[in-house]
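Novice: Got a structure for you, written out below as structure tokens; questions coming shortly.
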Amino acid sequence: MKPEKTTRQQADESSIEGRFKELNLPFNDREALLESNRCLYCYDAPCIVACPTHIDIPTFIRKISSGNVKGSAKTILESNLLGATCSRVCPVQELCEGACVLNEDHKPINIGRLQRHAMDFADKNKLNFFQRGNPNGLRVAIVGAGPAGLSCAGELAKLGFEVICFEKRPLSGGLDTYGIVVFREPVEISLKEVQMIEELGVDMRNGVEIGKDLLLSDLVEDYDAVLISIGLGKVPNLSIAGEDKEGVFDGLEFIEQTKVKDLKTIKCGSKVVVIGGGNTAIDCATIARRLGAPDVTIVYRRSQFEMPAYEFECEFALKEGVRIQFLTNPVEVEGKDKVEKLKCARVELGPPDLSGRRTPRVIADSLFDIPCDMVIKAIGQEKPYDLLSELKKFGVQEQNGYIVVDPKTNGTSNPKIFAAGDCIRHKGEALTVVAVQDGKIAAASIAKMLLPSKTNGKKTQPPGTR
Amino acid sequence: MADLKTNFCGIRSPNPFWLASAPPSNSGYQVQKAFEQGWGGAVWKTIGAPVLNVSNRYATIDYKGTKIIGLNNVELISDRPVEVNLKEMKEVKRNFPNHAVIASIMVESTKEAWQEIIKRTEDTGIDGFELNFGCPHGMSERGMGSAMGQVPDYTCMVTEWAVSVATKPVIVKLTPNITDITLPARAAVKGGAPALSLINTLNSIMGVDLNTFDIKPSVGGKGSHGGYAGPAVKPIALHMLSAIALDEEVRKRTVPISGIGGIETWQDAVEFMLLGATSVQICTAVMHYGFRIIEDLIDGMSNWMDERGFKTIEDFIGKSLPKVSSFGDLDLGFQSVARIDHNKCIQCNLCFIACNDAAHQCIDLTTMKLNGNPMERPLPVVRENDCVGCALCSAVCPVPDCITMVEVESNRPHTTWNQLISEKPEVLAWDAMNEYRKKANFHIH
Ligand SMILES: Cc1cc2nc3c(=O)[nH]c(=O)nc-3n(C[C@H](O)[C@H](O)[C@H](O)COP(=O)(O)OP(=O)(O)OC[C@H]3O[C@@H](n4cnc5c(N)ncnc54)[C@H](O)[C@@H]3O)c2cc1C
Ligand SMILES: Cc1cc2nc3c(=O)[nH]c(=O)nc-3n(C[C@H](O)[C@H](O)[C@H](O)COP(=O)(O)O)c2cc1C
Ligand code: SF4
């Protein structure tokens, strides 16, 4: 009998490689055609508004339906150079698909998988849609080659800028390469996008950390504009006793291993506790399960209701056999030299705090232990304070560790310095697709600022004006 | 319980559903199987002149993931020897005495040939004949099929030959490949035909292969026009059916009509019968899904009849014919406008762009703001005073019953074009027309 069709691949449990294969299945040609035919081709389609990069979704879907998949891919990439990554990692329920008018009727168009279909087609057929623009003699430095930096670099290269990307890590792509779980996005997808940006003529300088190997002042002096797209840092300390013990891990480093290391060489405990309530905590927990840990528990201090992770992510974790323990606060990591248990306190929720979520309050005399041999911290990311203080010297303002920009231009208080991505995201969801849009906005403002002055001409006036 | 028994000028069948003369009725095996599953009758695949077939024979129009909304074929009449067909007809008739077996025939245009095949066929005990004057490809080039049906004089002549020797009813099957269907219908009636059927297939080329430049279907790199059938031809068939059902000369003789063309469901069949068909014939739908569709054809029609209180099919045959009029007799004072049910509206706003780009610009919508909330979107609103009632918006709306056309008072006289020009022939000139419009409350936007 043929197995039942699902959108997700049954993990090949027999090998660890199988368990880390891309989970969501691509559409086959026929499925894509049928799904594209369901699209109503709305006028003023709300999905376009809901997509942070405003891809012309009805048009790209119509092109799949008409058999013009090549044109479809171009439509996507015109708005979003990282369309391949986004089609895999975007929380589409919250974005384009959440806005689809068919939600009201029966079920939304599967926009994400259709986008992936067009992107896979472009990849398989090695299609290149864009070229470097005629050199305009202007140079832009980009600090950090994550999605924000790559998107800005690509857009500027298309316009003829000479773009140099400084990236401290050996590989570019930022968290797309190092952070997003492989069974959602294989590393190669991100690296191919990096390659596409490089083929547009962007000079990628890996292994160069700004602030250490090169100074910010050098860039500001040598370049016509500088983009700061450094993302955020590692997972901060829990500030509890015993957290330096062997067996306590930074969640991002834990995820990173599964992206760049041979899966068989990764050490994972058998009783794992993940601390945190966001999507990163879910990722760490599901990875630990797939690495073979029989017992994985997420410990979160508030209730299910306050949990920042998406509901569908929580459901996925539960299906993967992860336990989630709510209203639990870690107090101390215990063990001789290595982790043996996590001491926790029970929590109740008080009145709402500034974020609108109810404040957790530890209940007296409620201590209990969770025996474990591995603790993974997934409680957010540190702010890049070192570079922020450097930036301050150039008049760039920061707020709670984020760079302050004008959201219309992504310009900072220094006219030469722009910023994009997670490092400006003091509110709202940190997402790849939002970082891509940030980069686009910055690129457009840099071009607007620099290009008219270069051509030295007045803008063409519409007829009838003086 | 509804009674579906059918009496088609003496040809009786347990229900009005017959296989059309086509591949599903190609052999005794198939026709018996169809009868076992409930089909009321079968017009045997046309027999007669010797032929040779080619391959590929079919090509389809598929629309947005739906297969075969139209089917084209370059197949000829039966390529099995006449004796074999006759032997099998006899067997079927013996096994199913209460079902209708009708022999479709087509031979070269000589009196002897037609009369000889009719006599030979009658010996099998079949219930009637259908003269195939419709095949639009292959046979027509040899002076048969639609080459007959397209020339009323030939239609009349061959019908006379057939009727004069046949002791069983003769149905003349008309080709739609003609400008005015009433002309061959009258010719057949004049020739003595006691019954008509229509439509046969329409001339068509199904498409072109963008890689090979071959037309479809392609027979080793070349193709030819072929006959078009299936759901897409139903509106054409309905029009032709109503045109002959209402034709004075056809009416005078009260010839029953067997409706054919694009019937797939019981609802299609009911529509044909409401427009005057006494039986219906089906080909493409069976080619697509097999004989088993008969279960729902019968069940659906019976339930509909029960709900409506119709005891026999005679109770509703032709019921819509009085509603068929001509443009000149339509009420110029009738006015409808589009009304959108905003509780049902899903805001795809297809109605807005249709009205704006292709109708009368009377649906309002403010334009999209990229940085707004995707959920906060304008609803389409009809300016009813400017709506001409064309019904395009309700046609494009994907939500059932969301946009309805409602009748409103027009304050115009309830006159018709024919009345108007007989009373005021001057309106045929623009000046007088403009004046009349003003007086009679016609506002053109
Ligand atoms: C575990 C995890 C899972 C996620 N999953 C998803 C998901 O499923 N879907 C989704 O949309 N988003 C997801 N995100 C969020 C998404 O990855 C980020 O929003 C996005 O990568 C931000 O892009 P960025 O370019 O601003 O920063 P980053 O991707 O962090 O890139 C910044 C780059 O700058 C480099 N850099 C930093 N400092 C310097 C310096 N001084 N000199 C030179 N280079 C420097 C870094 O090495 C890095 O390459 C996830 C994030 C995490 C942590
Ligand atoms: C493949 C094919 C072969 C046909 N052969 C004949 C035929 O031999 N004689 C005939 O009278 N009509 C023939 N027809 C026409 C059908 O009987 C019928 O009139 C037509 O297909 C319209 O009905 P439908 O839409 O239900 O298919 C043929 C149609 C098809 C599709
Ligand atoms: S009926 Fe025609 S004119 Fe009136 S709103 Fe609809 S599309 Fe426009």
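Novice: Specify which of the listed residues (A:282, A:230, A:287) is in a helix (DSSP H, G or I), touching a strand residue (DSSP E or B) at 6+ places or on another chain (Cβ under 8 Å), crowded, with 23+ Cβ neighbours inside 10 Å and β-branched (Val, Ile, Thr).
Specialist: Result of the check over A:282, A:230, A:287: A:282.
Novice: Failed condition for residue A:200, given (1) open to solvent by less than 20 Å² (accessible area, probe 1.4 Å); (2) under 22 Å from the mean Cα position of the chain (by Cα), with all others met?
Specialist: (2)
Novice: Quick check on segment A:168-186. Is at least one of its residues part of a strand (DSSP E or B), without any contact (Cβ under 8 Å) to a residue 60 or more places away in the chain and surrounded by fewer than 18 Cβ atoms within 10 Å (Cβ to Cβ)? First the steps, then the outcome.
Specialist: Filtering segment A:168-186 down to residues part of a strand (DSSP E or B) leaves none.
So far as segment A:168-186 goes, no, none of its residues is part of a strand (DSSP E or B), without any contact (Cβ under 8 Å) to a residue 60 or more places away in the chain and surrounded by fewer than 18 Cβ atoms within 10 Å (Cβ to Cβ).
Novice: Additional query: Among the residues of segment B:275-321, what is the count of those that are in contact (Cβ under 8 Å) with a residue 12 or more places away in the chain, within 26 Å of residue B:25 (Cα to Cα) and in a helix (DSSP H, G or I)?
Specialist: Qualifying residue count, segment B:275-321: 18.
Novice: Scan segment A:25-33 and give yes if some residue there is away from every other protein chain (no Cβ under 13 Å), closer than 21 Å to residue A:91 by Cα, within 22 Å of the chain's Cα centre (by Cα) and open to solvent by 30 Å² or more (accessible area, probe 1.4 Å), otherwise no.
Specialist: Taking every residue of segment A:25-33 in turn, at least one turns out to be away from every other protein chain (no Cβ under 13 Å), closer than 21 Å to residue A:91 by Cα, within 22 Å of the chain's Cα centre (by Cα) and open to solvent by 30 Å² or more (accessible area, probe 1.4 Å).
Novice: If a residue has to be of a type outside the set (S, T, N, Q) and either more than 10 Å from ligand 3 (Cβ to nearest atom) or assigned to a strand (DSSP E or B) (or both) to count, how many in segment B:358-369 make the cut?
Specialist: Summing the residues that are of a type outside the set (S, T, N, Q) and either more than 10 Å from ligand 3 (Cβ to nearest atom) or assigned to a strand (DSSP E or B) (or both) in segment B:358-369 gives 5.
Novice: Which residue, of A:336, A:408, is out of contact with any Leu (no Cβ under 8 Å at 6 or more places or on another chain), in a loop (DSSP other than H, G, I, E, B) and either modelled with pLDDT of 95 or more or polar (S, T, N, Q) (or both)?
Specialist: A:408
Novice: Here's a follow-up. Just one of (1) under 17 Å from the mean Cα position of the chain (by Cα); (2) at pLDDT 95 or above; (3) part of a loop (DSSP other than H, G, I, E, B) trips up residue A:191, so point out which.
Specialist: Answer for residue A:191: the failing condition is (3).
Novice: Something else about it: Could you check segment B:227-263 and list, in sequence order, the residues that are surrounded by fewer than 18 Cβ atoms within 10 Å (Cβ to Cβ) and charged (D, E, K, R)?
Specialist: B:247, B:248, B:249, B:251, B:252, B:253 - these are the residues of segment B:227-263 that are surrounded by fewer than 18 Cβ atoms within 10 Å (Cβ to Cβ) and charged (D, E, K, R).
Novice: Out of (1) within 14 Å of chain A (Cβ to nearest Cβ); (2) open to solvent by 60 Å² or more (accessible area, probe 1.4 Å), what's the single condition that is false for residue B:352?
Specialist: Failing condition for residue B:352: (2).
Novice: Residue A:94 versus (1) surrounded by 18 or more Cβ atoms within 10 Å (Cβ to Cβ); (2) part of a loop (DSSP other than H, G, I, E, B); (3) within 14 Å of chain B (Cβ to nearest Cβ): which is the lone unmet condition?
Specialist: (1)
Novice: From (1) more than 14 Å from chain A (Cβ to nearest Cβ); (2) open to solvent by 20 Å² or more (accessible area, probe 1.4 Å), pick out the condition that doesn't hold for residue B:49.
Specialist: (2)
Novice: Here is a follow-up. Could you look through segment B:36-77, keep only residues that are among the charged types (D, E, K, R) and farther than 22 Å from residue B:19 by Cα, and pick out the one that is nearest to ligand 2 (Cβ to nearest atom)? So that I can check it myself, show each step before the final result.
Specialist: Initial filter on segment B:36-77 (among the charged types (D, E, K, R)): B:36, B:45, B:57, B:62, B:64, B:67, B:75.
Okay, now just the ones that are also farther than 22 Å from residue B:19 by Cα, so B:62, B:64.
On the way: B:62: 16, B:64: 20 Å.
Ranking the candidates gives B:62 first.
Novice: Determine whether segment A:56-65 contains at least one residue that is more than 12 Å from every other protein chain (Cβ to nearest Cβ), within 23 Å of residue A:148 (Cα to Cα) and among the polar types (S, T, N, Q).
Specialist: No, there is no match, as no residue in segment A:56-65 is more than 12 Å from every other protein chain (Cβ to nearest Cβ), within 23 Å of residue A:148 (Cα to Cα) and among the polar types (S, T, N, Q).
Novice: Turning to a different aspect of this structure: Which condition breaks for residue B:343 when tested against (1) away from chain A (no Cβ under 14 Å); (2) over 16 Å from residue B:392 (Cα atoms); (3) open to solvent by 40 Å² or more (accessible area, probe 1.4 Å)?
Specialist: Residue B:343 satisfies every listed condition except (1).
Novice: Also: In segment A:203-227, which residue that is hydrophobic (A, V, I, L, M, F, W, C) and either assigned to a strand (DSSP E or B) or surrounded by fewer than 17 Cβ atoms within 10 Å (Cβ to Cβ) (or both) is nearest to ligand 2 (Cβ to nearest atom)?
Specialist: A:204
Novice: Which residues, taken from segment A:307-327, are within 17 Å of residue A:181 (Cβ to Cβ) and part of a helix (DSSP H, G or I)?
Specialist: Residues satisfying the conditions are A:312, A:313, A:314, A:315, A:316, A:317, A:318, A:319.
Novice: Within segment B:318-330, can one find any residue that is within 16 Å of ligand 3 (Cβ to nearest atom) and either within 14 Å of chain A (Cβ to nearest Cβ) or more than 21 Å from the chain's Cα centre (by Cα) (or both)?
Specialist: No: segment B:318-330 contains no residue that is within 16 Å of ligand 3 (Cβ to nearest atom) and either within 14 Å of chain A (Cβ to nearest Cβ) or more than 21 Å from the chain's Cα centre (by Cα) (or both).
Novice: Let me ask another. Could you say which residue among B:338, B:395 is hydrophobic (A, V, I, L, M, F, W, C), in a strand (DSSP E or B) and more than 10 Å from chain A (Cβ to nearest Cβ)?
Specialist: Among B:338, B:395, only B:338 is hydrophobic (A, V, I, L, M, F, W, C), in a strand (DSSP E or B) and more than 10 Å from chain A (Cβ to nearest Cβ).
Novice: Oh, and also: Would you pick out the residues in segment A:344-357 that are assigned to a strand (DSSP E or B) and open to solvent by 50 Å² or more (accessible area, probe 1.4 Å)?
Specialist: A:346, A:348, A:351, A:352
Novice: Residues that are open to solvent by 10 Å² or more (accessible area, probe 1.4 Å) and in contact (Cβ under 8 Å) with a residue 24 or more places away in the chain, at least 2 per element: which helices (runs of 4 or more DSSP H) completely within segment B:131-220 meet that?
Specialist: Working: elements: B:146-149, B:152-165, B:182-190.
Passing ranges, in order: B:152-165, B:182-190.
The values are calculated or read from the model by the stated rules, or taken from the named source; none is laboratory data. Everything quoted here is computed from the prediction, not taken from an experiment. A quick note on method: Cβ atoms are made from the backbone with ideal geometry, for glycine too, and the neighbour counts reach across all protein chains shown. Heads up: the accessible areas ignore ligands, DNA and RNA and are worked out on the full protein's heavy atoms, side chains in. Shrake-Rupley method; radii C 1.70, N 1.55, O 1.52, S 1.80 Å.
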